[in-house]
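Single-structure report; data block below.
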Amino acid sequence: MNSSEEDIRNSLKSLNRTVEELIYFFSQDFDFTKRINTHWNAKDILGHLVFWQESFERNLRCVATGVEPKVLKGKLSEVNKQSVDSTRDVDIDMLINRLKKAQTSIQKNILNTSVFLIPYKKGSRDYSRLEHLKIVDAHIKKHLKQLKKYI
(Lines give C-alpha, C1' and ligand atoms only; values in the text may rest on other atoms or scores of the structure.)
Protein backbone atom coordinates (compact mmCIF):
# COMPACT_ATOMS: atom_id res chain seq x y z
CA MET A 1 0.00 0.00 0.00
CA ASN A 2 1.48 3.35 -0.96
CA SER A 3 1.61 6.27 1.46
CA SER A 4 -1.30 8.00 -0.24
CA GLU A 5 -3.58 4.99 0.30
CA GLU A 6 -2.32 4.74 3.87
CA ASP A 7 -3.11 8.45 4.37
CA ILE A 8 -6.62 7.85 3.01
CA ARG A 9 -7.14 4.93 5.42
CA ASN A 10 -5.89 7.04 8.35
CA SER A 11 -8.12 9.96 7.37
CA LEU A 12 -11.08 7.60 7.08
CA LYS A 13 -10.35 6.30 10.59
CA SER A 14 -10.28 9.88 11.86
CA LEU A 15 -13.59 10.67 10.15
CA ASN A 16 -15.12 7.49 11.57
CA ARG A 17 -14.09 8.57 15.09
CA THR A 18 -15.47 12.08 14.52
CA VAL A 19 -18.81 10.73 13.27
CA GLU A 20 -18.99 8.41 16.30
CA GLU A 21 -18.31 11.39 18.57
CA LEU A 22 -21.12 13.33 16.88
CA ILE A 23 -23.50 10.39 17.29
CA TYR A 24 -22.53 10.09 20.96
CA PHE A 25 -23.09 13.81 21.50
CA PHE A 26 -26.65 13.53 20.19
CA SER A 27 -27.33 10.43 22.32
CA GLN A 28 -27.00 12.51 25.48
CA ASP A 29 -29.79 14.26 27.33
CA PHE A 30 -29.24 17.85 26.23
CA ASP A 31 -31.63 20.52 25.06
CA PHE A 32 -30.97 20.33 21.33
CA THR A 33 -33.34 23.24 20.67
CA LYS A 34 -30.87 25.61 22.35
CA ARG A 35 -29.59 28.25 19.92
CA ILE A 36 -25.93 27.68 19.06
CA ASN A 37 -25.34 30.59 16.70
CA THR A 38 -27.40 33.42 15.25
CA HIS A 39 -29.33 31.11 12.92
CA TRP A 40 -29.26 27.51 14.17
CA ASN A 41 -29.92 25.37 17.19
CA ALA A 42 -28.06 22.12 17.92
CA LYS A 43 -30.53 19.96 15.98
CA ASP A 44 -30.24 22.31 12.98
CA ILE A 45 -26.47 21.77 13.03
CA LEU A 46 -26.99 18.01 13.03
CA GLY A 47 -29.33 18.34 10.05
CA HIS A 48 -26.79 20.53 8.28
CA LEU A 49 -24.02 17.96 8.84
CA VAL A 50 -26.20 15.03 7.73
CA PHE A 51 -27.21 16.92 4.56
CA TRP A 52 -23.57 17.52 3.64
CA GLN A 53 -22.52 13.98 4.59
CA GLU A 54 -25.23 12.61 2.30
CA SER A 55 -24.07 14.91 -0.48
CA PHE A 56 -20.47 13.68 -0.10
CA GLU A 57 -21.67 10.07 -0.01
CA ARG A 58 -23.87 10.48 -3.10
CA ASN A 59 -21.14 12.17 -5.14
CA LEU A 60 -18.54 9.59 -4.07
CA ARG A 61 -20.86 6.65 -4.80
CA CYS A 62 -21.73 8.05 -8.22
CA VAL A 63 -18.07 8.50 -9.18
CA ALA A 64 -17.20 5.04 -7.81
CA THR A 65 -19.96 3.40 -9.86
CA GLY A 66 -19.50 5.43 -13.04
CA VAL A 67 -22.69 7.46 -12.72
CA GLU A 68 -22.73 11.22 -13.37
CA PRO A 69 -23.29 12.85 -9.95
CA LYS A 70 -25.97 15.50 -9.53
CA VAL A 71 -24.01 17.99 -7.46
CA LEU A 72 -25.53 20.71 -5.33
CA LYS A 73 -26.03 24.11 -6.98
CA GLY A 74 -26.14 27.62 -5.59
CA LYS A 75 -24.15 29.89 -3.36
CA LEU A 76 -22.78 28.21 -0.25
CA SER A 77 -25.06 30.33 1.96
CA GLU A 78 -28.10 29.18 -0.04
CA VAL A 79 -27.08 25.52 0.10
CA ASN A 80 -26.41 25.78 3.84
CA LYS A 81 -29.90 27.27 4.33
CA GLN A 82 -31.30 24.40 2.26
CA SER A 83 -29.36 21.93 4.43
CA VAL A 84 -31.22 23.08 7.54
CA ASP A 85 -34.60 23.75 5.93
CA SER A 86 -34.71 20.27 4.36
CA THR A 87 -33.92 18.50 7.64
CA ARG A 88 -35.74 20.71 10.15
CA ASP A 89 -38.76 18.40 10.47
CA VAL A 90 -36.69 15.20 10.70
CA ASP A 91 -36.20 13.86 14.23
CA ILE A 92 -32.77 13.27 15.72
CA ASP A 93 -32.98 9.46 15.59
CA MET A 94 -33.76 9.54 11.87
CA LEU A 95 -30.94 12.03 11.23
CA ILE A 96 -28.51 9.76 13.11
CA ASN A 97 -29.68 6.76 11.06
CA ARG A 98 -29.16 8.74 7.85
CA LEU A 99 -25.69 9.79 9.04
CA LYS A 100 -24.75 6.16 9.80
CA LYS A 101 -26.01 5.02 6.39
CA ALA A 102 -24.03 7.72 4.59
CA GLN A 103 -20.89 6.94 6.59
CA THR A 104 -21.17 3.21 5.82
CA SER A 105 -21.35 3.98 2.10
CA ILE A 106 -18.40 6.38 2.37
CA GLN A 107 -16.36 3.65 4.09
CA LYS A 108 -17.18 1.28 1.25
CA ASN A 109 -16.48 3.66 -1.65
CA ILE A 110 -13.63 5.89 -0.46
CA LEU A 111 -11.11 3.06 -0.79
CA ASN A 112 -11.96 2.58 -4.47
CA THR A 113 -8.68 3.44 -6.18
CA SER A 114 -10.46 4.19 -9.47
CA VAL A 115 -11.90 7.32 -7.80
CA PHE A 116 -9.53 10.23 -8.38
CA LEU A 117 -11.68 13.33 -7.97
CA ILE A 118 -14.98 13.84 -6.17
CA PRO A 119 -17.21 16.79 -7.06
CA TYR A 120 -18.34 19.02 -4.22
CA LYS A 121 -20.71 21.67 -5.55
CA LYS A 122 -21.37 23.40 -8.87
CA GLY A 123 -18.82 26.16 -9.33
CA SER A 124 -16.34 24.56 -6.94
CA ARG A 125 -13.34 22.47 -7.84
CA ASP A 126 -13.34 18.71 -7.38
CA TYR A 127 -11.36 17.18 -4.51
CA SER A 128 -9.18 14.10 -4.18
CA ARG A 129 -10.36 11.34 -1.85
CA LEU A 130 -7.85 12.42 0.80
CA GLU A 131 -8.73 16.12 0.52
CA HIS A 132 -12.44 15.36 0.76
CA LEU A 133 -12.00 13.18 3.84
CA LYS A 134 -9.95 15.85 5.57
CA ILE A 135 -12.41 18.63 4.69
CA VAL A 136 -15.42 16.64 5.91
CA ASP A 137 -13.65 15.60 9.12
CA ALA A 138 -12.61 19.19 9.85
CA HIS A 139 -16.14 20.47 9.11
CA ILE A 140 -17.76 18.06 11.55
CA LYS A 141 -15.07 18.73 14.19
CA LYS A 142 -15.64 22.49 13.86
CA HIS A 143 -19.36 22.08 14.53
CA LEU A 144 -18.78 19.58 17.35
CA LYS A 145 -16.55 22.12 19.07
CA GLN A 146 -19.32 24.71 18.68
CA LEU A 147 -21.91 22.30 20.07
CA LYS A 148 -19.83 21.32 23.09
CA LYS A 149 -19.11 24.95 23.89
CA TYR A 150 -22.78 25.99 24.03
CA ILE A 151 -24.51 22.95 25.47
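In region 57-76 there is at least one residue matching the filter, namely being under 16 Å from the mean Cα position of the chain (by Cα) and within 27 Å of LYS34 (Cα to Cα). Tallying residues that are open to solvent by 30 Å² or more (accessible area, probe 1.4 Å), in contact with a strand residue (DSSP E or B) (Cβ under 7 Å, 6 or more places away or on another chain) and not in a strand (DSSP E or B) within region 123-141 yields 2.
Whenever a residue of region 20-42 is without any contact (Cβ under 8 Å) to a residue 12 or more places away in the chain, its partners that are among the polar types (S, T, N, Q) and not in a strand (DSSP E or B), lying with C-beta atoms within less than 7 angstrom and at least six residues away or across chains, give the pairs ASN41/THR33. Mind checking which residues of region 142-151 are open to solvent by less than 50 Å² (accessible area, probe 1.4 Å) and not aliphatic (A, V, I, L, M)? Of everything in region 142-151, those that are open to solvent by less than 50 Å² (accessible area, probe 1.4 Å) and not aliphatic (A, V, I, L, M) turn out to be HIS143, GLN146. If the condition is being open to solvent by less than 100 Å² (accessible area, probe 1.4 Å) and over 16 Å from LEU111 (Cβ atoms), then region 1-32 contributes THR18, VAL19, GLU21, LEU22, ILE23, PHE25, PHE26, SER27, GLN28, PHE30, ASP31, PHE32. Within region 61-110, the set of residues being over 27 Å from ASP31 (Cβ atoms), charged (D, E, K, R), free of Cβ contacts under 8 Å to residues at least 40 places away in the same chain and loosely packed, with under 12 Cβ neighbours inside 10 Å comprises GLU68, LYS75, GLU78. Taking the conditions (1) β-branched (Val, Ile, Thr); (2) farther than 26 Å from PHE25 by Cβ; (3) surrounded by 18 or more Cβ atoms within 10 Å (Cβ to Cβ) in turn, THR113 satisfies each one other than (3).
The values are calculated or read from the model by the stated rules, or taken from the named source; none is laboratory data. The shown structure was predicted, so the numbers you read here are calculated from the model rather than taken from an experiment. No Cβ is skipped: glycine too gets one built from the backbone with ideal geometry, and neighbour counts run over all protein chains shown. Areas reflect the complete protein model, heavy atoms only, side chains present, ligands, DNA and RNA absent. Shrake-Rupley method; radii C 1.70, N 1.55, O 1.52, S 1.80 Å.
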